[in-house]
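**Q** First the structure, then my questions, so here it is.
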Amino acid sequence: SLAVAAVAFLMVRFASPLFSSDAAVLAITQQTAPSIFVAVATAIFTVALDGAMLASRDFAFMFTCGMSTFIMQLFMLPHAKSLSNIFATFTLRLGIYSIAVLIRT
């Protein structure tokens with residue numbers, strides 16, 4: 001998962017000029033690259049835990065926890081002032097879900 005996150009980071013960090021020449025867009029992508037690394041690594045870890053939860057058929061917990069973290073993210077998003085903040089809300093949502101699943105198992 002860290003390798004895939006590193007590739008995502010490197011693509012955003014160094015390949016963004018292939019998609020835009022706008023200085024403002026390039027500045028935002030440079031700022032956001034570390035957030036993308038953490039978000040992708042967390043997402044991959046969470047998908048693995050989600051698979052374990054599917055195997056255990058604990059659907060009620062998955063639904064309740066997933067919806068709770070989704071609603072939490074919805075409340076945080078209006079306060080996000082940058083693209084990195086938006087990725088941070090996503091990462092926090094997945095991180096809380098992962099911790100809850102680890103505690104549950």
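**Q** Kindly provide the trypsin sites (Lys or Arg not before Pro) of the stretch 54-104 that DSSP labels as loop, not H, G, I, E or B, and whose Cβ sees at most 12 other Cβ atoms within 10 Å. Let's see the in-between values first.
**A** Details: sites: ARG57, LYS81, ARG93, ARG104; in loops: ARG57, LYS81.
Passing sites in the stretch 54-104 are ARG57, LYS81.
**Q** Kindly express, to the nearest 10 degrees and within the range 0 to 90, the angle between helix 23-56's C-alpha long axis and the longest C-alpha principal axis of the chain.
**A** Roughly 20 degrees between the two axes.
**Q** Just read off the accessible area of ASP58 with the full protein assembly in place, 1.4 Å probe, to the nearest 10 Å².
**A** Only protein atoms counted, so the area is about 30 Å².
**Q** Given the protein chains as shown and a 1.4 Å probe, how many square angstrom of MET62 are accessible, to the nearest 10?
**A** Approximately 30 Å² of MET62 is accessible to the 1.4 Å probe.
**Q** What angle, in degrees between 0 and 90 and rounded to the nearest 10, separates the Cα long axis of helix 2-15 from the longest principal axis of the Cα atoms of the chain?
**A** 30
**Q** For the chain, give the magnitude of the charge dipole about the Cα centre (Cβ charges: +1 Lys/Arg, -1 Asp/Glu; no others), in debye to the nearest 20.
**A** Details: 5 positive and 3 negative charges, 24 e Å.
That gives a dipole near 120 debye.
**Q** May I pose another question? I'd like to know how the chain sits against the 2.2 N^0.38 Å rule of thumb: what's its Cα Rg over that expected value? Kindly include the intermediate steps, with their values, before the conclusion.
**A** Values: Rg = 15.8 Å, N = 105, 2.2 N^0.38 = 12.9 Å.
Ratio of Rg to 2.2 N^0.38 Å for the chain: 1.23.
The values are calculated or read from the model by the stated rules, or taken from the named source; none is laboratory data. The shown structure was predicted, so the numbers you read here are calculated from the model rather than taken from an experiment. Note: ideal-geometry Cβ built from the backbone for every residue, glycine included; neighbour counts use all protein chains shown. Each accessible area value is taken on the protein alone, full model and side chains, heavy atoms only, with ligands, DNA and RNA left out. Shrake-Rupley method; radii C 1.70, N 1.55, O 1.52, S 1.80 Å.
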